[in-house]
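> Handing you this structure, nothing more for now.
Please treat every number below as a calculation from the coordinates, not as lab data. These figures come from a predicted structure and were not determined experimentally. Cβ: placed from backbone, ideal geometry, glycine included. Neighbour counts: every protein chain shown.
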Amino acid sequence: MASNHFGTLFRITTWGESHGKAIGVVIDGCPAGLPISEEEINAELALRQPGKTAYVSPRGEKDIAEICSGTFEGKTTGAPISIIIFNKDADSSKYEPIKNLLRPGHANFTYLEKYGIFDYRGGGRSSARETACRVAAGAIAKKLLALEGIDVVAYIKEVGGIAIAEPSLSDPSLLREKTRKSPIFCPDETATAKIVKAIEQVKEEGDSLGGVIEVVGFNLPVGLGDPVYEKLEANLAKAMLSIPATKGFEIGSGFQAARMKGSQHNDQFIVGAKGEITTASNLAGGTLGGISTGMPLIIRVPFKPTSSIMKPQKTVSTQGEEKEFKIPEGSRHDPCVTIRAVPIVEAMMAIVLADALLLNRASKT
Ligand SMILES: Cc1cc2nc3c(=O)[nH]c(=O)nc-3n(C[C@H](O)[C@H](O)[C@H](O)COP(=O)(O)O)c2cc1C
């Protein structure tokens with residue numbers, strides 16, 4: 001399973017399982033001299049934490065990151081930064097009755113076929129617990145980006161078919177403020193109320209909902225992303241699709257582009273207010289030829305409805321016998337994983353951009 005790294009220069013390696021002792025991340029390639037504290041990392045982790053509202057899993061895990069290496073006197077030293085987060089609230093006993101059943105929508109089947117062994121308690125490496133490590137690494141990536149004035153904001157765009165009103169992208173801080181004020185990371189108050197109601201209803205029905213997250217990169221310079229296999233959107237797509245439960249990737253006009261004419265879709269070049277070359281619209285979503293244009297980088301990521309639902313489902317055992325699958329009494333799940341995925345999507349864009357920023361320093365003399 002040699003598949004636990006992401007990135008070229010700003011490179012993360014995560015380890016650990018949901019029901020193991022701890023999880024962690026090693027960040028290689030972060031330049032020396034970047035101020036970073038455990039408090040800043042923990043503030044980001046708190047956003048992803050389960051058990052905070054009725055709309056996410058009640059698992060009471062308190063994610064506390066400890067920096068074990070790579071910093072001295074509050075600054076990075078250039079050495080590998082390693083971060084550990086101990087697992088404290090993993091109740092493995094609940095999974096005993098379903099240990100020989102294939103969980104619909106989960107990775108038991110594919111992992112078992114591929115490796116011949118599967119951690120039935122929480123899904124092992126397939127568990128979204130791993131994504132806490134990405135959020136920790138993302139906190140460091142964000143600090144690196146902030147030095148260049150680059151900002152990243154993710155928010156709920158749609159849940160259960162309820163879409164938000166188009167948000168204004170003119171002020172990233174205001175967009176973040178509105179998003180963080182919402183119990184579901186949604187910058188639109190009216191949509192928040194409707195979505196909360198829909199989630200409460202689906203929870204009562206013992207079912208789950210899917211949704212779409214939009215993430216925007218602000219104040220990017222022109223030039224991030226390299227041609228061919230390191231295109232910015234190619235790396236973003238891989239970053240996003242590596243998050244559990246994702247089902248797609250869109251940049252800019254996305255799938256809508258397929259329904260437009262060239263004359264409608266081309267973003268017209270203009271001279272901007274400061275004399276810079278820019279575009280009048282941004283259907284491209286912030287890249288051309290895989291390289292950032294300087295316009296906001298706009299990505300959308302759809303998430304499937306949570307696979308673990310309270311309703312009984314038909315399945316088979318690992319021995320191929322037909323069985324009924326029921327979530328064990330007292331086990332804890334998100335009725336809509338899209339909500340908790342917002343900080344994860346934001347972290348993954350930050351990690352891709354931090355890597356692209358460092359790679360771009362080698363682009364010309
Ligand atoms: C933040 C987050 C939390 C999740 N929590 C749950 C959960 O409580 N129950 C569940 O069935 N799936 C949950 N998932 C999704 C599963 O991890 C995922 O569907 C499963 O590993 C199968 O992988 P796949 O959907 O990518 O194919 C969560 C995903 C994310 C991003």
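> Over the chain, one equal point on each Cα, no solvent: what is log10 I(q)/I(0) by the Debye formula at q = 0.11 Å⁻¹?
At q = 0.11 Å⁻¹ the computed log10 ratios are -0.78.
> Let me ask something additional. Okay, helix-only estimate at 222 nm for the chain: each DSSP H run of n ≥ 4 adds -39500 (n - 2.57), divide by all residues, round to 500 deg cm²/dmol; what do you get?
-8500 deg cm²/dmol
> Something else now. For the stretch 133-185, what relative contact order do you get, as a whole percent, if you take Cα pairs closer than 8 Å and at least 6 residues apart?
Relative contact order here is 28 percent.
> Given a Förster distance of 25 Å, report the FRET efficiency between Lys326 and Phe86 from their Cβ-Cβ distance, rounded to the nearest 0.05.
Given R0 = 25 Å and the Cβ-Cβ separation, E is 0.25.
> Which angle from 0 to 90°, rounded to the nearest 10, does the C-alpha axis of helix 172-181 make with the longest principal axis of the chain?
20
> Against the longest alpha carbon principal axis of the chain, how many degrees, from 0 to 90 and to the nearest 10, is the axis of helix 131-146 turned?
Its long axis makes an angle of about 10 degrees.
> Explain nothing, just the number: dipole magnitude of the chain about its Cα centre with +1 on each Lys and Arg Cβ and -1 on each Asp and Glu Cβ, in debye rounded to the nearest 20.
Roughly 420 debye for the chain.
> Compute the signed sum of charges (Lys and Arg +1, Asp and Glu -1) over the other residues within less than 13 Å, Cβ to Cβ, of Leu359.
+1
> Net charge within 14 Å of Glu250 by Cβ-Cβ distance, Lys/Arg positive one each and Asp/Glu negative one each, not counting Glu250 itself?
My count for the surroundings of Glu250 gives +1.
> Say each of Arg180 and Gln268 gets a label point 7 Å from the Cα, pointing the same way as Cα to Cβ; how far apart are those two points in nm?
Going by the 7 Å Cα→Cβ label model, 3.9 nm.
> So, one more: Compute the FRET efficiency between Lys311 and Glu39 as 1/(1 + (r/R0)^6), taking r as their Cβ-Cβ distance and R0 = 51 Å, and round to the nearest 0.05.
0.80
> Taking a quarter of the surface of the convex hull around the Cα atoms of the stretch 191-334, what do you get in nm²?
If I average the Cα hull's projected area over directions, I get 13.5 nm².
> Where does the charge balance sit around Gly74 when Lys and Arg score +1, Asp and Glu -1, over other residues with C-beta under 11 Å from its C-beta?
-3
> Ok, one more. For Thr279, Thr190, what's the fewest-to-most ordering of other Cβ within 10 Å of each Cβ?
Fewest-to-most ranking of Thr279, Thr190: Thr190, Thr279.
> Name the long-range amide H neighbours of Arg103: under 5 Å, sequence gap of 5 or more, or other chain; modelled H, no Pro or chain starts.
Hits under the 5 Å cutoff: Asn108, Phe109.
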